[in-house]
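Okay, so here's the structure we're looking at.
The values are calculated or read from the model by the stated rules, or taken from the named source; none is laboratory data. These figures come from a predicted structure and were not determined experimentally. Glycine also receives a Cβ, built like all others from the backbone with ideal geometry; neighbour counts cover every protein chain displayed. What goes into the accessible areas is simple: the full protein's heavy atoms, side chains included, and nothing from ligands, DNA or RNA. Shrake-Rupley method; radii C 1.70, N 1.55, O 1.52, S 1.80 Å.
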Amino acid sequence: MKKSLLQLALLGTLGFASLATSAAEITLLNVSYDPTRELYQEFNAAFAKHWLAKTGDKVTVKASHGGSGKQARAIIDGLDGDVATLALAYDVDQLYEKGKLIPKDWQKRLKNNSSPYTSTIVFLVRKGNPKKIKDWNDVVKPGVSVITPNPKTSGGARWNYLAAWAYALKNNNNDEAKAKEFVGKLLKNVPVLDTGARGSTTTFVERGIGDVLLAWENEAYLALKEFGPEKFEIVSPSLSILAEPPVTVVDKVVDKRKTRAVATAYLEYLYSDEGQEIAAKNFYRPISPAVAKKYEKSFAKINLITIDDVFGGWAKAQKTHFSDGGTFDQVYAK
Amino acid sequence: MHYKNKILTSLLIASGIISTPLSAFANDSSELEQLRSLVQELDQKVRILERKGELGEEVAVAEKKAAPVIKADAGRFGLSSADGKNTFNLHALVQADYRAYDNSSTNATGSTDGWLIRKARTGIDGTLFGWVNYRITPEFAGSGPVLMDAYVDLNYKPWLKLRAGRYKPFVGLARLQGDSDGKFLEHSFVTGFVPQRDIGASIFGDLFGGKLSYALGYNNGTPDGSGTEYPSSEPGGNGKEVTGRLFAQPFKGEDHVLAGLGFGFAGTTITQAGSQTSTQLSAYKAFGQSNFFSYSAASAAGVTPATTATVADGERTRWTPQLYYYYGPFGLMTEYVHETQGVTRSTNHKVLSNDAWQATFSYVLTGEDASYGTVNPKQAFSPNSGGWGAWEVVARVNGVSFDDNAFIGTSATRLADISKSAKSATAYGAGINWYINNYTRFGFDYEHTEFEGGGVGSTANAVGITKLVNKKDENTVIGRLQVAF
């Protein structure tokens, strides 16, 4: 009798243990900005494979894309994104400021201020560069049609705007008024304001509107790859801005969905050799020196200013230029 | 897009804008260049206009997704936020009855045939933030406006919810049905013993995907079948009524012959202390809504010797096992209630044991599925399109039995008068329901009730019942037109 009970207990324990160790199926939602579709499509598949091999668990990563500012608001309004991979730190900051969804010091949790790759702003022009656009001062000339998204909703547009502003400051002895006038001229040349960078690419590439697209470097290369050098050319301006798109786990969501471990591993994998390779292949500048060296010919050497050096950080830049009544509102309303 | 541009160019050429200069200045390359620029400029303008149109449509679609939703289709009136997390709905319930009684004997009910507005309710309910529900329902039929429901639900999790306010306590199976969903037009004897509405709070929820439901309540407490609660400020130091219910639907959601089976058990307990001005005891009604059992009232002013009324005094407990089963068009609902009620009249204190039971059968002739809720006709009745709605036949048998001790005593101490109150009753009913559409129903019921005792000539003394004369059978017909949404 005792033996039978012991056997029963052992069988029960084994059964429970087998249940406890059975593979889990996990889903993650990555809320990202507009032009990262191709990057994360490839990366998500690579991470799922990596995670399955490492833990035996099947992870499916879904992605949501849109203008960076819009995406941040969507998370604050309740979109259950396990991770946010947005265009700029200010938008991620809003997850703390407006929703207390992440800690204030979120940027310290991962290397390189939580930016696993960088990028910059370049010009995409039509084959032969018919308007002879070489630098920012060509973009503001009358008759040049410029495509850029709306800085109120698009992170890429804010990088575009600040890069132009920085160029004007540099060439006008840091005269803010002249910089404002310069950016005002640029915006007068914009016939259509899309809500996101991908929308602007559609406007320029597919709808055939405009002479120049102010674009994320990766987006410009992607257009070149898809449509061929017989249709478009990339022009690197003399000065541009170092864009550092940051990533974070959304703490409130991962704690609710119990996905913190896999979400954290997902972001950390962006820093791995494979993650960095995928970023480079998708025309994001890798931060790994080894991978950067390998792909150095893929990226033009551009004089890159930083948001901190020229604008005093994102919080100040946002308030000065993109908040209600900021310089964008002033010059665009004219 | 390229095709459109070609069309544009062709149109320009065809209209002569291009062809005329070309013919006149064919050799003037600068003019040609100007025209080319003009076409390109126009082409860009057209493209920009088209793109702006696309973006405008995208904005319109996004705004539509975010815009509040107004529901105004048949039977549904309300507002909802785009995400559905905030809602506001209007409801109404109107029951217009015609009632006919068999009054052929001096011992009959004495009720008068005629029309009656049985229920006239309008109300609102809704949701806030996706997890806070609310409901307010006033009743305008009867003696005047009465607040029926006014409660808030906090739906923290499916397995943990809190309801507070005035609501149906989680006790009686038929009572918990929607007020417009009952198979018969009036409740059975069982529902006369369980609380109708009460003020208090309950935690409740569903476990195992709804296969097991629980509820635990703490309410002011109401007499049998009543919605008049007695708050703690009432003289007499009343306690609060604790209610509990467990209900299982073990095959719910499965493709199983027992998928429509539900059974459970509910109970209540309270310690009461009624007074001469508030006895906290109820009268009990038969199908025709005439009283067939009442506790003794106080003698009228000036009558000698003066006697007092029977009042609730001590513990009252109710136990009610309950079951329903629905399979295709067939439905069965049955429940039983056993009550012990402490009562006192003058020097006579007793704990009475009363019981009631009922079984209701239904069958939807037109093939729709029977359910605990309403029947939704496959085809609404329409004189034009030929639909006939859903037709259902129903039958019910129910009974009630009161404790003999209720009738024993002197004229000053007897708890209930056996010459006016029946010792037991059994009723047999049949009816038909015509579900004209999802919100409109016509019902026609007949119920025959037989009483034991309660007739003039029945007698009892201080030690027992000495003679029983049965109250005349009650035969009642009710027809009802109902709108509920």
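Worth pointing out:
- Residue A:214 outside any loop (DSSP other than H, G, I, E, B), crowded, with 20+ Cβ neighbours inside 10 Å and away from every other protein chain (no Cβ under 14 Å): yes
- Among the residues making up the stretch A:243-276, those that are touching an Asp or Glu at 6+ places or on another chain (Cβ under 9 Å), outside any helix (DSSP H, G or I) and at pLDDT 95 or above are A:246, A:249, A:250, A:259.
- Any hit, the stretch B:209-217, residues being at pLDDT 95 or above, open to solvent by 20 Å² or more (accessible area, probe 1.4 Å) and not in a strand (DSSP E or B): yes
- Residue check, residue A:230 among the acidic types (Asp, Glu), open to solvent by less than 20 Å² (accessible area, probe 1.4 Å), more than 14 Å from chain B (Cβ to nearest Cβ) and touching a Lys or Arg at 6+ places or on another chain (Cβ under 9 Å): no
- Of the numbered criteria (1) in contact (Cβ under 8 Å) with a residue 24 or more places away in the chain; (2) at positive phi; (3) not hydroxyl-bearing (Ser, Thr, Tyr), the one residue A:228 fails is (1).
- For the stretch A:65-96, a residue qualifies if it is modelled with pLDDT under 95 and either in the same structural domain as residue A:200 (by TED's automatic domain parsing) or part of a strand (DSSP E or B) (or both), and the qualifying residues are A:65, A:66.
- Those residues of the stretch B:453-485 which are buried (at least 18 other Cβ atoms within 10 Å of the Cβ) and of a type in the set (Lys, Arg), in sequence order: B:471, B:472, B:480
- Search result, residues across the stretch B:34-48 that are open to solvent by less than 100 Å² (accessible area, probe 1.4 Å) and away from chain A (no Cβ under 12 Å): B:35, B:38, B:39, B:42
- Selected residue (only one of B:204, B:184 is open to solvent by 10 Å² or more (accessible area, probe 1.4 Å), touching a residue at least 24 places away in the same chain (Cβ under 8 Å) and either closer than 23 Å to residue B:319 by Cβ or not in a loop (DSSP other than H, G, I, E, B) (or both)): B:204
- Considering residues of the stretch A:192-211 that are among the charged types (D, E, K, R) and free of Cβ contacts under 8 Å to residues at least 40 places away in the same chain only, the residue farthest from the other protein chains (Cβ to nearest Cβ): A:206
- Contact map, the stretch B:49-77: residues that are in contact (Cβ under 8 Å) with a residue 40 or more places away in the chain and more than 14 Å from chain A (Cβ to nearest Cβ) paired with residues that are surrounded by 11 or more Cβ atoms within 10 Å (Cβ to Cβ) and assigned to a strand (DSSP E or B), Cβ distance under 8 Å, separation 6+ or inter-chain. Pairs shown: B:76/B:89; B:77/B:71; B:77/B:89; B:77/B:90.
- Verdict on residue A:142 being of a type outside the set (D, E, K, R), within 14 Å of chain B (Cβ to nearest Cβ), over 24 Å from residue A:223 (Cβ atoms) and in a loop (DSSP other than H, G, I, E, B): yes
- Pairs with Cβ under 9 Å, 6+ apart, first in the stretch B:427-446 and basic (Lys, Arg), second open to solvent by 40 Å² or more (accessible area, probe 1.4 Å): B:441/B:374; B:441/B:434; B:441/B:481; B:441/B:483
- Checked against the criteria, residue A:189 counts as within 14 Å of chain B (Cβ to nearest Cβ), more than 20 Å from residue A:283 (Cβ to Cβ), open to solvent by 10 Å² or more (accessible area, probe 1.4 Å) and in contact with a strand residue (DSSP E or B) (Cβ under 8 Å, 6 or more places away or on another chain).
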